[in-house]
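Values in this text are rule-based calculations from the coordinates and carry no lab data. None of the values given here were measured: they were computed from a predicted structure. Every residue, glycine among them, receives a Cβ derived from its backbone with ideal geometry; neighbour counts consider all protein chains shown.
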Amino acid sequence: MNVVVCVKQIPDPAQPGQLDPGSKTLKREGKLILDDSDAYGVEMALLLAEKAGGGEVTLVSMAPNGETSGLRTALAMGAAKAILVSDDSLAGTDALGTAKVLAAAIKRAEPDLIVAATESTDGYTGTLPVQVAEILGLPSVTFAKSVDVADGKVKVNRQTEAGYDEVECPLPALITVTAGVVEPRYPSFKGIMAARSKPVEQLTVADLGLSADQVGAAGARQEVVDVTAAEERKAGEVITDEGDAHERVVAFLDQLKLI
Amino acid sequence: MDFDLTEEDAAFQQVVREFARKEIAPRAEQWDQEARLPVEVVHQMGDLGLFGLVLPPEWGGSGASFTAFCLAVEEIGWADQSVGITLSAGVGLGAVPIYRFGDDAQRSAWLPDLATGRALAAFGLTEPDGGSDAGALRTRVREGPDGWVLDGAKAFITNSGTPITSVITVTARHAHGGVSAFLVPAGTPGLQVEPAYRKLGWHASDTHGLVLADCAIPRDNMLGQEGSGYRNFLATLDDGRISIAALALGCARACLDAASDYARTRNAFGGPIGRFQAVAFSLADMATALEAARGLVMRAAWLKDHQRPYKQAAAMAKLYATETAVSATRAATQIFGGAGFLEENPVARFYRDAKVLEIGEGTSEVQRLVIAKGLDLPVSP
């Protein structure tokens, strides 16, 4: 079974990020790392391919300046190869434009299954995976907390607020996996060395048969109008036990939809 | 001249750092309290390739440089010195001598499990009456009806009594005076592993005395040429000194990180204590010594990787890095004050763990002796 994982290379969240004052989006120059939330998708894809007893895992990514640092991490975990779309005309691309680009790149790999995170750690739109599925005309199942593939179908336990739904759909399909769905493996030294020589196919917008006006700032239908700082965290609420504290704690957590 | 790590070594360093931070650091205090070697973590480190790093792929290893191994030891040691010494000794004293001095039958018998962290091997050199006088070997070997028979005692043998210890290399003297090394499989009748020592530090590392009484092993279990035991273990110790020095870097860096954080966040007399020169300069000295030690360690590893002479460099790295680690633990606990004296604070554990760095695999005095001899001085022990 061939699996494509959409992976994003992002600025290291441990470093203070900077916004571009013009586009009001995160500056993404310099070294990028594999988005932590994508490590779960890579691990899930590797496990599914291993279980299927054949096929390979291909990474698909879009990044500025031909950046491959994050891809190398996922290749070191065990992915076989990567397709990277990098093109100056992609600057300012919005989520839908990105979906068009990734969908075109994914098509080349002819996957049985596409895996993505529910959302990226730098942009958080959470809209990209279903857009990709829609463009490719494939079914999509989001928020998978467990995944099983058998008999040409993917069976997913889909996280909901109250519990989970058991959902299945025919392959090929796209799924998004939640953080913690599996424990991502650490790349071994052998894996890191092997990743050096794994193929990373670098493509331009033209290679994908897309025109420059479909992508980048020119093709974007979405614009960041304004950015404001997050509100300071407010002081917490103290619940004093007068015999009913447990009920009030439960009610509080319920109101936050944490239980 | 190039001070950058290779791209792969740098990537690997990040992975081990992440592993140490997530899988080891949160549980180090518990293992220390329980005085238990976490075998499950040895397996995890095996999966990561740490135990086979410097071994070639045909024996289950990764063929990495000694420098990469030192980076790994530092990162693990940053989280837990006990787990760090388990790695350092498991590779340097356990697996590598079998690879370097063993024949293919011995290698294939032991290395695959050692390279993957499924088993640990130990090196029995030091004796209760020996210590730094390692040549004064009293363990005897004689020919028996089916092979060799060993009699004697060994002291302070790391990894010799773990649940996954597979084999112990033991040095012994022949009646003709020569010294050879022998592979004694765990569980061999006549090999008695004494109860674990109660130590000042390294509580989660496994250390025992051994008694060999009429301990019979097959003829094929001699490791290396007959009479080459003394020369071989000296070579083994040179490597071990660099990796103990790398372990010391981890200790000193952990203290610098913890004490710097504390100096930025702990308030006294109306602000963070890091604004007092008494604290800030202590940290500045710690950072400088750590950087100097790192230079010595990385250079010694580089010399070894480039097949240059490194005996002096290894001795200097071990001497300076371990004394730096001991000073760093003392300074860090002082910055923490009373909080640094509590076992819940990692610097207290590092304080206890550091002292042995100046002792194991050649004391500071032995390192000075090696260095002085390199200056062509007529110095004697």
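See the values below:
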read-out	value
Of A:171, B:182, B:192, farthest towards positive along the dipole that unit charges on Lys, Arg, Asp, Glu beta carbons give the protein assembly as shown	B:182
Projected-area mean, segment A:152-259, by convex hull of Cα positions, square nanometres	15.1
Rg/Rh (Cα only; Kirkwood hydrodynamic radius) as it applies to segment A:22-81	1.07
Alpha-carbon gyration tensor eigenvalues x 5, square-rooted, for segment A:57-182, Å	25, 16, 15
Inverse mean reciprocal Cα-Cα distance (Kirkwood Rh) of the protein assembly as shown, Å	27.8
Alpha-carbon Rg with Dmax, taken over chain B, Å	20.8, 79
Kirkwood-type radius of segment B:52-207, with distances r between different C-alpha atoms, in Å	16.3
For segment B:265-271, 3J(HN,Hα) per residue [Karplus equation, 6.51 cos²θ - 1.76 cosθ + 1.60, θ = phi - 60°, Hz, x = Gly/Pro]	10, 7, 9, 8, 6, x, x
Rh (Kirkwood; distinct C-alpha pairs) - segment B:229-381, Å	16.4
Distribution of pairwise C-alpha distances over segment B:122-228, 10 Å bins, in %	16, 51, 28, 6, 0
26 Å Cα-Cα reach of residue A:234 towards lysines, excluding residues that sit fewer than 8 places from it in its own chain	A:257
Principal semi-axes in Å for chain A [√(5λ), Cα gyration tensor, largest first]	32, 25, 19
Within a Gaussian network of chain B (alpha carbon springs, distance under 10 Å), most fluctuating of B:369, B:191, B:50	B:369
Under DSSP loop assignment and at most 15 Cβ neighbours within 10 Å, longest trypsin sites (Lys or Arg not before Pro)-free interval of chain A	A:32-220
Greater than 24 Å apart at Cα, pairs in A:51/B:22; A:51/A:153; A:190/B:22; B:304/B:373; A:8/A:31	A:51/B:22
10 Å Cβ shell holding at most 11 others, DSSP loop, chymotrypsin sites (Phe, Trp or Tyr not before Pro): longest site-free stretch of chain B	B:4-268
The protein assembly as shown - mean residue ellipticity at 222 nm from DSSP helices (-39,500 (n - 2.57) per run, n ≥ 4, rounded to 500)	-13000 deg cm²/dmol
Formal net charge of residues neighbouring residue A:121 (Cβ-Cβ distance under 9 Å; K, R +1; D, E -1)	-4
Gyration tensor (Cα) of segment B:188-277, equivalent ellipsoid semi-axes in angstrom	48, 19, 8
Under the span-like rule (Cα at least 20 Å along the axis, Kyte-Doolittle mean at least -0.5), DSSP H helices of chain A	A:36-52, A:95-109
Qualifying GluC sites (Glu not before Pro) in segment A:101-161, DSSP loop, other Cβ atoms within 10 Å at most 16	A:161
DSSP-defined antiparallel bridges as percent of all bridges, segment A:3-255, nearest 5	40
Zero-based 5 Å bins, Cα pair distances in segment B:33-118, whole percents	3, 16, 28, 26, 15, 8, 3, 1, 0
Descending principal axes extents, segment A:148-193, alpha-carbon based, whole Å	40, 28, 14
